[in-house]
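Derivation of every value follows stated rules applied to the coordinates shown; laboratory data play no part. As the structure is a prediction and not an experimental result, all values here were calculated from the model. Cβ placement follows ideal geometry from the backbone for every residue including glycine, while neighbour counts extend to all protein chains displayed.
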Amino acid sequence: MNGNSRSLEKTVLYLFLAAISIFCLLPFYWLLRSSLMGLVQIFEMPPMWFPAPVKFTNYSEALTILPFGRYFLNTVFIVVFTITGTILSSSVSAYSFARLKWPHRDLVFGILLSSMMLPYAVTLIPTYLGWSFLGAIDTYYPLIIPAWFGGGAFNIFLLRQFYLTIPGELDEAALIDGAGFFTIYSKIIMPLTRPALIVVGLFTFLNCWNDFLGPLVYLNSEIKYTLAIGLESFKGLYNAQWHLLMAASTVVVFPAIIIFFIGQKYFIEGIAMTGLKG
């Protein structure tokens, strides 16, 4: 009876999870389905669940109307340099907060965490004025350089909590053997925290890949647009061509989904291993 009860509970749980999964995947299916339809079919009532006929030409047509190849390269350029800067700077900062002792360290860390409570819109205008004074408007500098100076308070917090779970005896043994702090950071701490670094990289990729407000504020030249801005331009120029917009949106969303599925193992491992010590 006990075994039957457990089997029934598992069955109900799996059915519930399957229903939730279908509910979560429905918007993506609707996007994919609309990208393979004609314009008239999208707005038919009652709605069609399956495209008939399937129009793969929507993709080729959508990607040639605007220079999406250029937008893709621009986005990849920003993403690569942002991820690199975020991982390096946030890991160094987190190492300093977690493993080194210096005056007022905890106070500075508390001030850093308090910055997370400031909405992005609050700092947008003074930040824009600062970049404008430096003559960096319509360049990629405002989108890339901040990642090289700390990498964000949340990423520092996440990595610091992870570093606190690593035994301090490793540092002490390395110091006795003559290793310096940078050697400890690069040879001991970094290899042991790969799951957490992948989590930071994954978060950064998703935020940067989908970022709309940053490029919208700082980029003026169409040749420098990212994919997110390109989609908005597509909508503005061809607001009647919803089937083409859905095709372009599917192409933009697909790399983010692939990256997430590749990194989900490390994402779950990194979150599970990140304690709340300290």
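On a full-extension model of 0.36 nm per residue, what is the gain between residue 132 and residue 100, subtracting their alpha-carbon distance, rounded to one decimal in nm?
On the way: separation 32, 0.36 × 32 = 11.52 nm, distance 3.66 nm.
Extending this stretch completely gives an extra 7.9 nm.
Over the chain, what is the relative contact order in percent, taking alpha-carbon pairs closer than 8 angstrom and at least six residues apart? Write down the numbers at each step before the final one.
Details: 256 pairs, mean separation 86.0, N = 278.
Once normalised by length, the contact order is 31 percent.
As an exercise, identify the trypsin sites (Lys or Arg not before Pro) in region 87-176 lying in DSSP coil whose Cβ has no more than 10 other Cβ atoms within 10 Å. List each step's numbers first, then the result.
Details: sites: 99, 101, 105, 160; in loops: 101.
Passing both the DSSP loop test and the Cβ count: 101.
When you filter the chymotrypsin sites (Phe, Trp or Tyr not before Pro) in region 94-160 for DSSP loop state and at most 12 other Cβ atoms inside 10 Å of their Cβ, you are left with 149.
Calculate how steeply helix 120-133 sits against the longest principal axis of the alpha-carbon atoms of the chain, using the helix alpha-carbon long axis, and give the answer as 0 to 90 degrees to the nearest 10. Helix 120-133 and the main axis of the chain meet at about 80 degrees. Highest GNM mean-square fluctuation, the chain, Cα pairs closer than 10 Å: which of 45, 190, 116? Checking each option, the largest mean-square fluctuation is seen for 45.
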